[in-house]
1. Could you tell me the accessible area of TYR206 in Å² (1.4 Å probe, neighbours in place), rounded to the nearest ten?
2. Under the Karplus relation 6.51 cos²θ - 1.76 cosθ + 1.60, θ = phi - 60°, what is the ordered set of whole-Hz ³J(HN,Hα) values for region 174-187, x standing for Gly and Pro?
3. Calculate the spin-label point distance for THR101 paired with VAL195, positioning each point 7 Å from the Cα along the beta-carbon direction, and give it in nanometres.
4. Once you've got the Cα coordinates, tell me which of LYS73/LYS204; LYS93/LYS197; LYS76/LYS160 are over 18 Å apart.
5. Do you know the relative contact order of region 139-207, to the nearest whole percent, from alpha carbon pairs under 8 angstrom that are 6+ apart?
6. Can you run phi through the Karplus equation (6.51, -1.76, 1.60; θ = phi - 60°) for region 95-107 and list ³J(HN,Hα) in whole Hz, with x for Gly and Pro?
7. How far is it, in nm, from the label point at ARG27 to the one at ALA135 when both lie 7 Å from their Cα along the line to the Cβ?
8. Check which residues have an amide H placed less than 5 Å from ILE172's amide H, if you skip close sequence neighbours.
Amino acid sequence: MASSSSSSCASAAAAADSKNPKQIIRRQLQKLEERSAAAAAESKIPATKNWINKILRQLEKLEEQSNNRETNKRIKMILGQVDILEELNPDEKKPIDKIRTQLEKLEEEDSDDSDSHVYKLCGGPTLLYDRDSTASKYRNPERTKDLIESAAIALDYFNKKYSTRYDLVEVIRATSSPCAGYILYMAFKAKNDGVEKANTFNTKIYYGIGATEVQSVQIVTT
């Protein structure tokens, strides 16, 4: 009986582990690294492995994080690193999208205390735009125009706060969650005046009834 009980507990633990977002992310990164190592494009391998290791280190720090606000910032940072990983491996969209989905789940679980009560009243994320998607519904011109305007709002907020002069290069990805209006989550690239290299930004903008609030905007990769 004791052996049967132990086996059942182990099975339950394994099942729970298989659904854990962080473990799913680790498994996808491992598969990605294995395929990258077997690829013919040898020059791509070191860069891919480097970014995979960076993401794994951030996941470890995420597990140690006790401050919800800092946890949210770290998840945003990892999302930016995932964007770079996708640029290095454009053929690996499926596993990278799985990683993003799990990060979005973590973001919902670990949203900061100041708006945790709001999240209980809000719906789940819906993909609005994906620069690299082959589905036309995720590259709708009208929606793209709206997202460019939202990115401009975020950059205006950032430029005024930090006395910079960033201009939008492109929108990378955007999701939204209905929430007495909706919350827009977006990644985009922008260049500072006089600088050739673009930085990747993440932003969170709340669109309420008669109100627009940039809740966060930050550089996640340089």
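1. For TYR206, the solvent-accessible surface is approximately 50 Å².
2. These are the phi-based 3J(HN,Hα) values: 8, 10, 9, 10, x, 6, 6, x, 6, 10, 9, 10, 8, 10 Hz.
3. 3.5
4. LYS93/LYS197; LYS76/LYS160
5. Dividing the mean separation by the residue count of region 139-207 yields 26 percent.
6. x, 5, 5, 5, 4, 4, 4, 5, 5, 5, 5, 5, 5
7. 2.2
8. Result for ILE172 returns ALA187, PHE188, LYS189.
The values are calculated or read from the model by the stated rules, or taken from the named source; none is laboratory data. All values reported here derive from a predicted model rather than from experimental measurement. Glycine also receives a Cβ, built like all others from the backbone with ideal geometry; neighbour counts cover every protein chain displayed. Protein only, heavy atoms only, side chains kept; ligands, DNA and RNA dropped before computing areas. Shrake-Rupley method; radii C 1.70, N 1.55, O 1.52, S 1.80 Å.
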